[in-house]
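Asker: One structure, as structure tokens, below. Some questions next.
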Amino acid sequence: MTNLASRRRDILEAALAQDRGPGGLTTVALARRIGFTEAALYRYFDGKGAIPTGLLYHLAEGLFAAMGRELRPEEAEGPAAIVAQLQQHLERFAAQHGLLLALLLHAASSRSEPLLEAGNAVLEEYGRRMTVYFVQAQELGRLPSRLSAEELSMHWICQLLGGFLRSQLGRSPWVPHRLPGFKSFAAQLSQPLHSSRDPQ
């Protein structure tokens with residue numbers, strides 16, 4: 001890692017330590033925290049909007065690394081084990097990546113083109129990785145193929161974002177695996193491909 005990249009990472013880690021959410025992130029407070037002037041901070045980030053954009057990519061990098069460790073369909077024996085992997089992923093997501101979702105929602109309402117592009121790129125990559133996971137689970141016979149992997153990925157992201165938004169608006173704890181969206185999604189995954197109600 002170059003010295004510039006290393007310094008940028010240190011600054012982003014300091015921004016995360018502020019724990020003020022995307023709306024409360026100020027360059028003045030951040031510069032003071034790391035012993036910089038604002039002008040010195042801008043040598044590493046081109047304007048205030050570049051810091052949330054950098055944070056979005058930084059957090060996404062951690063999320064994608066965690067996905068590779070947590071979402072392993074080859075280690076699951078069936079739908080219940082897939083649901084358990086997804087629940088573990090959600091629990092870690094809630095514990096470590098709530099700010100990432102907050103930044104994605106912030107990006108959606110932002111006037112900053114780089115932040116909008118970053119939010120879209122991160123969400124697309126997350127959706128692509130979830131699609132790959134569901135494709136593998138179906139190909140290995142761990143999940144029924146009632147819905148395509150793309151549809152499952154879209155449903156997953158919708159319930160994830162919707163549950164987070166609902167908890168934020170209601171000022172309630174975000175415990176995603178306890179929300180109706182996850183329970184409904186899990187029930188859909190666990191349902192046999194042919195139920196007794198299906199016509200013969």
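The values are calculated or read from the model by the stated rules, or taken from the named source; none is laboratory data. Computed from a predicted structure; not experimentally measured. Note that we place each Cβ from the backbone using ideal geometry, even for glycine, and neighbour counts take in every protein chain shown.
Asker: Between Gln88, Gln159, which is surrounded by fewer than 19 Cβ atoms within 10 Å (Cβ to Cβ), assigned to a helix (DSSP H, G or I) and either touching a Pro at 6+ places or on another chain (Cβ under 8 Å) or polar (S, T, N, Q) (or both)?
Answerer: Working: Gln159 fails: surrounded by fewer than 19 Cβ atoms within 10 Å (Cβ to Cβ).
Result: Gln88 is the single residue among Gln88, Gln159 that is surrounded by fewer than 19 Cβ atoms within 10 Å (Cβ to Cβ), assigned to a helix (DSSP H, G or I) and either touching a Pro at 6+ places or on another chain (Cβ under 8 Å) or polar (S, T, N, Q) (or both).
Asker: Residues of segment 91-120 being surrounded by fewer than 14 Cβ atoms within 10 Å (Cβ to Cβ) and in a helix (DSSP H, G or I), which ones? Explain how you work it out, then say what you get.
Answerer: Initial filter on segment 91-120 (surrounded by fewer than 14 Cβ atoms within 10 Å (Cβ to Cβ)): 95-96, 108-109, 111, 113, 117, 120.
Answer for segment 91-120, where residues must be surrounded by fewer than 14 Cβ atoms within 10 Å (Cβ to Cβ) and in a helix (DSSP H, G or I): Ala95, Gln96, Ala108, Glu113, Glu117, Asn120.
Asker: Ala102 versus (1) at pLDDT below 80; (2) touching a Pro at 6+ places or on another chain (Cβ under 6 Å); (3) of a type in the set (A, V, I, L, M): which is the lone unmet condition?
Answerer: (1)
Asker: Could I ask something else about it? Scan segment 164-187 residue by residue and report those that are without any contact (Cβ under 8 Å) to a residue 24 or more places away in the chain and within 25 Å of Gln138 (Cβ to Cβ). If you could, list the steps in order and put the result at the bottom.
Answerer: As a first pass, look at segment 164-187 and keep what is without any contact (Cβ under 8 Å) to a residue 24 or more places away in the chain: 166-167, 169-173, 178-181, 183, 187.
The answer is Leu179, Pro180, Gly181, Lys183, Ala187.
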